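Below: the structure, in structure tokens.
FYI, it's all coordinate maths here, none of it is from the lab. Note that this is a predicted model, so its numbers are computed, not measured. Reconstructed Cβ throughout: ideal geometry from the backbone, glycine too, with neighbour counts over all protein chains shown.
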Amino acid sequence: MQITKLPNGLVIASLENFSPTSRIGVFIKTGSRYETTSNLGITHLLRLASNLTTKGASSFRITRGIEAVGGSLSVHATREKMAYSVECLRDYVDTVMEYLLNVTTAPEFRPWEVADLQPQLKIDKTIALQNPQVGVLENLHAAAYKNALANPLYCPDYRVGKITSEQLHHFVENNFTSSRMALVGIGIKHSTLKQVAEQFLNIRSGSGAPGAKAVYRGGEIRKQTGDSLVHAAVVAEGAVVGSPEANAFSVLQYVLGAGPLVKRGSNVTSKLTQSVAKATSQPFDVSAFNVNYSDSGLFGIYTISQALNAGEVIKAALNQVKAVAQGGVTDADVTAAKNQLKGNYLMSVETSEGLLNEIGSESLVSGTHTSPSAAAQKIDSVATTDVVNAAKKFISGKKSMAATGDLGSTPFLDEL
Amino acid sequence: MLSVAARAGPLAPFVSAAAHAVPGPLRPLAPAVVHRDQKVPLDLKRPLLCRESLSGRAARGGLVASASLNAPASVRCVHNDVTVPDFSAYRRQDVQDANTSSQGSSDSRKGFSYLMTAATGVATAYVAKNVVTQFISSLSASADVLALSKIEIKLSDIPEGKNMAFKWRGKPLFVRHRTQAEISQEAQVDVSQLRDPQHDLDRVKKPEWVILVGVCTHLGCVPIANAGDFGGYYCPCHGSHYDASGRIRKGPAPLNLEVPAYQFVGDDTVVVG
């Protein structure tokens, strides 16, 4: 695993594992938080526009060229980070690398191609919103923050058809700069990546437009639909990426319960599940919710319940967190949670996709790489008191809430 | 340092949708055709009803949105947005009811179809035959040539004993009004002695009229009438003698003079050819 930081700020990381397939990603510190009200939804279109014509290759050529070698090109985006990744057999790395660089550094955004792509925004959003979880999380962020992180990942409906090619160019000019990018490769030599980066990824220097600092406000957004299942999330401000608090919140998440660990298991060991099961006999699901951004975070609970017992489920879950905040957690619980967290983390970096994601995210944030064992040690260093303090922070913090479904029996924030 | 994936815990599939510009072989695909006004076909196969099916559905971490791109050449595996047009205007009345079996009407439908096919086949064959014969018969002799091919001869203009020569089809035609003496003389000739044995009565329809093509069967000269040793014709070129019936008697010619096809029309007219 080698990592180099160029003078212009670009980070190059590679792991030569002699695997038959290579995976290369360009990670960029940009996302929906860097949008303003005049260009909302532009990152969504940017995600979809990764195969449009570039200066060195036409749309057809990119698609055909990558398909011909059996590769794939994808864009993964969160609110703060976009990752363009290609995956292919080792021998064809040069071909797909050329396309990847074209897409990230020299897109043309031809007006007619951009116009033809805009209806796809709607389709993409509809497919994503099939899952109520996506809608709830978007609303949660919109309720919790005033700006930046409140921007949705998916383009608002009124903006479909209004995003222009000039806006896209402007956004790319200001955000896809060398100091905010990281080039990561798995199954490729470091020297190759370095050469490519020095030659091609040097075009936009500087740090580009700075994003606004996210301001937490704590609100609630309720969306009444006819759905018989109520999805609700109640959160408070959490920890920032990389801080020791972040590890404490992660451990707290696993102490409370973060999803079934046994396939087709019923999650009985989760504290949240146990406490909610005492409150209702109807089907439900509950999990601790935790997300960390570069200047803020969210921690709380996410519940899915029948419309009639939504109130009981949410209150039971919150009471459980309160119990943990009052010290109702043993060292054994914390150790178990740490093991689960470690296991989860280590298993996620076993796949090349997860590993690429991990290396890329870390390179963007700090320009260094923490080995899995070091990360495991950091997790181990979290004490029970840290966990309790994290829970206290949640209980005392200003809450935000988002709920979807038939909300007749769902309590408001001030009723919780 | 933990990435989004690790901080979020095991990411359930619904909180990360994937955007693949060029989907590899194992990626889910989005519909390739963009319908601006129509509803998007959704995957509605997951009713969340029981405890087990809800397990793991609660979100644990932030969203990672990766939208499925429509690569221009992407393959569609689900064609659930293709609308089949309504063909009821073209269908038979008997089979439009979806709730009744179509077996009952199958005999009549088949019968009608076969009848129409057979009738059309017959009509087509008739027409085809006519068209073909018209085209091919246009290659045969035209009317003016055919008109020239027959000749009408008025028999009362030819006195007894006289041989009249006419031009017919480019060849001389001899019409001879024979006397009774000539007829009986020719009838008595021994047929077995002739080079080309033919009885006189076989060569004529009415014995008093003999109609011959006046071309010598040796090398094609025109014989002279009422000349030669046998009271018939004599070819001056090489000395072939023919009798009054046009049969070769002496000389180099191998065959008798040709008798053309002719018809007596009425008492007074003969049509040759």
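If N is the number of residues in the stretch A:1-59, what value comes out of its Cα radius of gyration divided by 2.2 N^0.38 Å?
Values: Rg = 15.9 Å, N = 59, 2.2 N^0.38 = 10.4 Å.
My calculation over the Cα atoms of the stretch A:1-59 gives 1.54.
The orientation-averaged projection of the convex hull spanning the C-alpha atoms of the stretch A:216-405 amounts to 11.2 square nanometres.
Work out how much length A:K55 to A:N339 would gain on full extension: take 0.36 nm times their residue separation and subtract the Cα-Cα distance, in nm to one decimal.
Numbers: separation 284, 0.36 × 284 = 102.24 nm, distance 4.91 nm.
Difference between extended and current length: 97.3 nm.
Between amide H atoms placed 1.01 Å from N, distances below 5 Å from A:E108 occur with A:T54, A:K55, all of them 5 or more places distant or on a separate chain. Under 1.5 on a/c is rounded, so check that first for the stretch B:168-273, then, if it is not, pick prolate when a/b is larger than b/c and oblate when it is not; a ≥ b ≥ c are the square roots of the alpha carbon gyration tensor eigenvalues. The shape class here is oblate. Across the stretch A:269-333, the convex hull enclosing all Cα atoms gives 106 Å³ per residue. For B:S156, the shell of other residues with beta-carbons less than 9 Å away shows a net charge of -2, using +1 for Lys and Arg and -1 for Asp and Glu.
Distant-in-sequence amide contacts of B:I224, defined by a placed amide H-H separation under 5 Å and a gap of 5 or more residues or a different chain, comprise B:Y234, B:C235.
Ellipticity at 222 nm from helices only: DSSP H runs of n ≥ 4 in chain A, each -39500 (n - 2.57), divided by the residue count, give -13500 deg cm²/dmol. The angle separating the long axis of helix A:331-348 from the principal Cα axis of greatest extent in chain A is about 20 degrees. Convex hull volume per residue, computed on the Cα atoms of the protein assembly as shown, equals 322 Å³.
Lys and Arg at +1, Asp and Glu at -1: add these up for the other residues within a Cβ distance under 11 Å of A:T43 and post the number. Local charge sum for A:T43: +2. Look at the dipole of the stretch B:148-272 built from charges on Cβ: of B:A165, B:C237, B:V191, the Cα furthest out on the positive end belongs to B:C237. Remark: spin-label model distance B:L201-B:Y114 equals 6.1 nm, labels positioned 7 Å along the Cα→Cβ axis. Once backbone amide H atoms are built at 1.01 Å from N, B:G231 has no partners under 5 Å, excluding neighbours fewer than 5 places away on the same chain. Shown here: the stretch A:2-200, whose C-alpha atoms stretch 45, 34, 31 Å along the first, second and third principal axes, sorted largest to smallest. In order along the stretch A:24-33, the phi-based Karplus estimate (6.51 cos²θ - 1.76 cosθ + 1.60, θ = phi - 60°) of 3J(HN,Hα) comes to 10, x, 10, 9, 10, 7, 8, x, 5, 6 Hz; Gly and Pro are listed as x.
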